[in-house]
DNA sequence: AATGAATGAGCATTCATTCAT
DNA sequence: AATGAATGAATGCTCATTCAT
């Protein structure tokens, strides 16, 4: 008698199409027409499932942030020691190669730029950044404790690692191939190790 | 009697107005009307001095990149040792406080996002990144030589520092106040110091 | 066992939802989705019971006009003399308080505006206005006969009363609270009484 | 060196085109394209001179209200006695024939409907209604004083006249030709006269 | 009878660019 | 050099209507 709702699936398709489009053209040039075309849907349908274009963006940010969380859940299960966990985390986020997702990275960079000016995007972006920051703090605290080092500078250390990661995303998208291969993960790990040697 | 051309001044005013506007609204929302209004000029005049909107952006990227070079010229004159030069450089780019220029930083972040998709912007962005990278390589090479360390990992070290700086810019613009005060300069310096202790 | 058609009930529900919506948002903003939502039905079902949106409007006009007729049927039964009938009629249409129906009044005003441009709405609107006009003529003729006055100006008198009533509806909807309380019914009755005294 | 602004003239042309369009199609169907076409201008130009469509409407309401005021200024100069002034006023607003402006009347009716739901339109509409009401009160007070009658019911009398006038506009637009010719002005005057005879 | 997804034409609005002055 | 009106294509969004289920 009634139609079965397929809203969730359609919404996912649309969000996925936005990710692809935004990675390629940026948010402003990712027009509804273009997204719809990439999703194989009619423009009107996008507004049936999402009230505004901004709402699709918000959903994408949530999805991307969730992806990061999922990766952590996976790695946390595998790694044994705090050191392994930290290194696995860094590799999961920065290592190029098999698990790398350039589209998601490029989309994330565009979202970061959008966050500078759209308060609503900024709010969710900051939520994601905050979660990542807290996770890094926890991982670092565990690690430092294991090696018998004081946890004094964990905040700044975590912030530095976060900046290194975000900067690596930016440079990978806007200046691909200009920097040494695989520098980001290596340097992030070296950064942490260096701090251990340097601290009293 | 003679009409002296004020083209150069006008162009500078327009570029400056674009910087202010882009920092506030992003490039896409920085309309010719808005830029003109912020510069106190008429919209038509902008197209008299610049053929297209993109041309103004290109000029801004050059200006911003040049600003960085100028800062180096200043610091290179003051600093005595390679270590002082390196630290002065890092502080010049990352230190918050007196010399800090949030508008330029925000504009640079937006330009970085624009570089992902506009090939012409990307070209100049990469030029600026390349110059910064080369400068960092030179500073690091000098420094390592002074302390008697091998210059093997200079490339990756420079790339890591560059990423940390760009990431710090991004986070300062999109998530202001979320991270510890002054972490960026401190961590950049700690990053370099740590590598010295760690390397054989 | 047998499916009894609930078409008539559904149609009434839809028309009622249109009345509520039109009173609140006007006809143009009364979208099918909104009406359906207010009726607790699905949008598709509205087009099952009515071919077009305009058809629902036409039905509403008929309903509203019929309501007026019903009120007359009720009052005609109660009132004894022509004077009582006339006053009862005026009160039924204009008196504020218990019997007042602001939603119907507001909807009627919107329909009046719609009638200016939609020929099909205009036709039914005019039918309703014509019926009211005829009723007023009859009531006035009876009344004047009773008091021994010539029925010469009955047409103009009825037209004037009609205009006063429609204008009162308009002002009640678009400028509520600006005019003295209960002025409309009082002035309509005074209007009629005045004519008796004035006529030779 | 510079272009001479023609903004005021263009704005007037646009408002005039809206009046013509609104009278014919109503506000919702008066699209920017249609108005522009009727004004012989490009659609974009309408948004150069007015920020939004609603702003054009607001300007039209002001214009129409101002027209009414102007008519009073003219008639006030001509008429000698309070009675003449009152009758001249009624004729100026209601008399069909030479001075009549069906386009303005139809536009006014549509605006009245729009006022029911758009708060901003309602505010200006009520301002116009309020001015007209105050004017009627003044005219009636003067008149009643002249004929030695108490001014007790001036408010309700003025409200009744106002309703009669607005209703006459509505009926003239939505049901043209259905009512006796020239009934409105005649009945308005009869209404006032009747009250004199009736009051003690 | 009923659902709700889907369509596509139409809308107000924005904006880089042009041009007459 | 400078102005500001003018253009028109493009965009996000709305909505009556259709249709498979």
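Read-outs: derived from the displayed coordinates by stated rules, not from any lab. Please read all numbers here as calculations on a predicted model, not as lab measurements. Methodologically, a virtual Cβ is constructed for each residue, glycine included, from the backbone with ideal geometry; neighbour enumeration extends over all protein chains shown.
At full extension, residue A:149 and residue A:84 could sit 21.7 nm farther apart than now, given 0.36 nm per residue minus the alpha carbon distance.
Would you please classify the overall shape of segment B:81-161 from the alpha carbon gyration tensor, given that a ≥ b ≥ c denote the square roots of the eigenvalues, rounded means a/c under 1.5, and beyond that prolate means a/b larger than b/c while oblate covers the rest? Walk me through the numbers before you get to the answer.
On the way: a/c = 3.42, a/b = 1.52, b/c = 2.25.
The shape class here is oblate.
Shape analysis of segment A:109-200 places it in the oblate category; the axes a ≥ b ≥ c from the Cα gyration tensor give an a/c of at least 1.5, with a/b not above b/c. Against chain B, whose longest principal axis comes from its Cα atoms, helix B:53-78 is set at around 40 degrees. Helix A:7-25 and the longest principal axis of the C-alpha atoms of chain A enclose an angle of approximately 70°. For the peptide B:117-130, the mean number of other protein chain Cβ atoms found within 10 angstrom of a residue's Cβ is 3. What do you get for the angle between helix B:82-94 and the principal long axis of chain B? Use alpha-carbon atoms, 0 to 90 degrees, nearest ten. The answer is roughly 40 degrees. Modelled label positions at residue D:77 and residue B:96, each set 7 Å beyond Cα in the direction of Cβ, lie 7.0 nm from each other.
Comparing Cα centroids, segment B:32-88 and segment C:122-182 end up 75 angstrom apart.
In percent, rounded to a whole number, the relative contact order of segment C:41-151 is 28, using alpha-carbon pairs under 8 Å and six or more apart. Computed from the C-beta positions of residue B:120 and residue D:53, the FRET efficiency with R₀ = 35 Å rounds to 0.40. Ascending distances from the residue A:2 label point to its copies in the other chains, with the point 7 Å along the Cα-to-beta-carbon line: 2.8, 6.5, 8.4 nm. Only DSSP H runs of four or more residues enter the estimate; each adds -39500 (n - 2.57), and after division by the residues of chain A the mean residue ellipticity at 222 nm equals -26000 deg cm²/dmol. For chain B, what does the alpha-carbon gyration tensor say about shape, rounded, prolate or oblate, given a ≥ b ≥ c as the root eigenvalues, a/c under 1.5 as rounded, and a/b over b/c as prolate? Here chain B falls in the prolate category. Counting beta carbons within 10 Å around each of A:81, B:96, C:21 and listing the fewest first gives the order A:81, B:96, C:21. Once both labels are positioned 7 Å from their Cα atoms along Cα-to-Cβ, the gap between residue B:70 and residue D:29 label points is 6.3 nm.
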